[in-house]
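What follows is a set of notes on a single structure, which appears directly below.
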Amino acid sequence: MSNNVSILNQVRGLSTHNYFLESRNKAFHKALDLATRAADSNATILLLGESGVGKEVFANYIHHLSSRKNNAFVAINCHAFSEGLLQSELYGHEKGAFTGAYEKRIGRIEAAHGGTLFLDEIGDITLDVQLNLLRVLDNKKITRIGSNALMDIDFRLICATNRDIKQRIEEKKFREDFYYRISTIVITIPPLRERKEDLRKLINYFIVKYAVELKKDISSIEEVAFKALMNYNYPGNIRELKNIIERLVVLAKDGIIRMEDISDEIHMNGSNSMLLKEVRIATEKRHIEKVLSLNDFNMTNTAKQLGISRRQLFNKINEYKIYRHE
């Protein structure tokens, strides 16, 4: 086990509270500082960043630092709805307002009264939806679909997108006036590949998290596997990292996360900074351990089965620090 990285040693002192926000990255610190300073105000905030970087985590952080923290935080992914459904989701509707409206429904904006409304994937909404939201922000009033009654509304708006909004404006797919209305404060969250100094902590956090959730006793991770995870660029960011670690915990045998369970995609993407020799060594060590175990550590039989001399076998055992476990 001496060639493995001990998970328990790596996670000592790791806080599970706001783990994602505990960063040593300068760009991330800048984003977090902006979020902290802007939190206790009613200024609209636009969060920019690739898919999976943690924009909703930032939005939650801002909400819980604000004077609205004791009221609702309401989140909606705008990309998940067609224009008509999104309008109903935002504003609610009266019973019988349209086919299928069997009962009155309160919209997300109304539900966020007194609190914070988080609109994710704002760059995907249509021009008509943008115009309606602009009116709400200007007038602080909404009307449920199927009703003529105006309701006063008070909420703090945080939006997020992974799109280039200024390009969308040039393409006439995003209203410039709406952009300025939702972007009093603009915060750019860096991708995970630019936060390499945080990666070790995040990997270990998710290993412990999923080990607990899946009731798996994970004692260690092979050093070569850990290096592969450290060298990968994670185009899917935090979301992809979580997915990868959950898979590795599920597949772990005997409490060890091994290189053999790392996907080919990570092998290929990490190959620029990871020595092929390390992969070969890890594979060879596992094979020798397996053959030794099958032969009950009989050196003569093991060497013969491996096709090497006893001296070579002894050298490999010493080199790889292979021990017999009773």
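Here Q167 fulfils each of the conditions (1) without any contact (Cβ under 8 Å) to a residue 24 or more places away in the chain; (2) surrounded by 15 or more Cβ atoms within 10 Å (Cβ to Cβ); (3) within 30 Å of P190 (Cα to Cα) apart from (2).
Applying a threshold of 8 Å to beta carbon distances and a minimum spacing of six or more residues, or different chains, the list of pairs starting in the stretch 195-219 at a residue that is under 18 Å from I262 (Cβ atoms) and ending at one that is modelled with pLDDT under 95 and aromatic (F, W, Y) reads L202/Y19; L202/F20; I203/F226; K216/Y210. Listed here are the helices (runs of 4 or more DSSP H) enclosed by the stretch 173-251 that have at least 2 residues being in the same structural domain as V57 (by TED's automatic domain parsing) and of a type in the set (S, T, Y): 176-182. Residue pairs whose Cβ atoms lie under 9 Å apart, separated by 6 or more positions or on different chains, with the first residue in the stretch 234-257 and over 21 Å from K196 (Cβ atoms) and the second of a type in the set (S, T, N, Q) and not in a strand (DSSP E or B), are R247/S263; D254/S219; G255/S219; I256/S219.
For the condition surrounded by fewer than 19 Cβ atoms within 10 Å (Cβ to Cβ), over 30 Å from N231 (Cβ atoms) and of a type in the set (D, E, K, R), R200 does not qualify. Of everything in the stretch 116-151 that is in contact with a His (Cβ under 9 Å, 6 or more places away or on another chain) and either free of Cβ contacts under 8 Å to residues at least 40 places away in the same chain or in a loop (DSSP other than H, G, I, E, B) (or both), the residue that is surrounded by the most Cβ atoms within 10 Å (Cβ to Cβ) is I125.
Of all the criteria given as (1) under 21 Å from the mean Cα position of the chain (by Cα); (2) of a type in the set (A, V, I, L, M); (3) in a helix (DSSP H, G or I), the one not satisfied by A38 is (1).
May I ask you to say which residue of T161, T188 is under 18 Å from the mean Cα position of the chain (by Cα), buried (at least 17 other Cβ atoms within 10 Å of the Cβ) and hydroxyl-bearing (S, T, Y)? Outline the logic, then answer.
Working: T188 fails: buried (at least 17 other Cβ atoms within 10 Å of the Cβ).
Result of the check over T161, T188: T161.
Tallying residues that are β-branched (V, I, T) and in a loop (DSSP other than H, G, I, E, B) within the stretch 54-108 yields 1.
The residue list I245, I221, I262 contains one member that is of a type in the set (A, V, I, L, M, F, W, C), within 24 Å of I281 (Cβ to Cβ) and in contact with a Ser or Thr (Cβ under 9 Å, 6 or more places away or on another chain), which is I221.
The listed residues are H113, H93, and the only one of them that is crowded, with 18+ Cβ neighbours inside 10 Å, more than 24 Å from V53 (Cα to Cα) and not small (G, A, S) turns out to be H93.
Mind listing whichever residues of the stretch 96-110 are crowded, with 17+ Cβ neighbours inside 10 Å and acidic (D, E)?
Taking the stretch 96-110 as the starting set, the residues that turn out to be crowded, with 17+ Cβ neighbours inside 10 Å are 105, 107-110.
Residue satisfying the conditions is E110 alone.
For the stretch 207-234, filtered to residues that are among the charged types (D, E, K, R) and touching a Lys or Arg at 6+ places or on another chain (Cβ under 9 Å), the residue that is surrounded by the most Cβ atoms within 10 Å (Cβ to Cβ) is E222. For the condition buried (at least 18 other Cβ atoms within 10 Å of the Cβ), of a type in the set (S, T, N, Q) and more than 21 Å from R258 (Cα to Cα), N237 qualifies.
Of the residues making up the stretch 61-75, none is touching a residue at least 24 places away in the same chain (Cβ under 8 Å), on the phi > 0 side of the Ramachandran plot and surrounded by fewer than 18 Cβ atoms within 10 Å (Cβ to Cβ).
The values are calculated or read from the model by the stated rules, or taken from the named source; none is laboratory data. On a predicted model such as this, the values are computed, not experimentally measured, just so you know. A quick note on method: Cβ atoms are made from the backbone with ideal geometry, for glycine too, and the neighbour counts reach across all protein chains shown.
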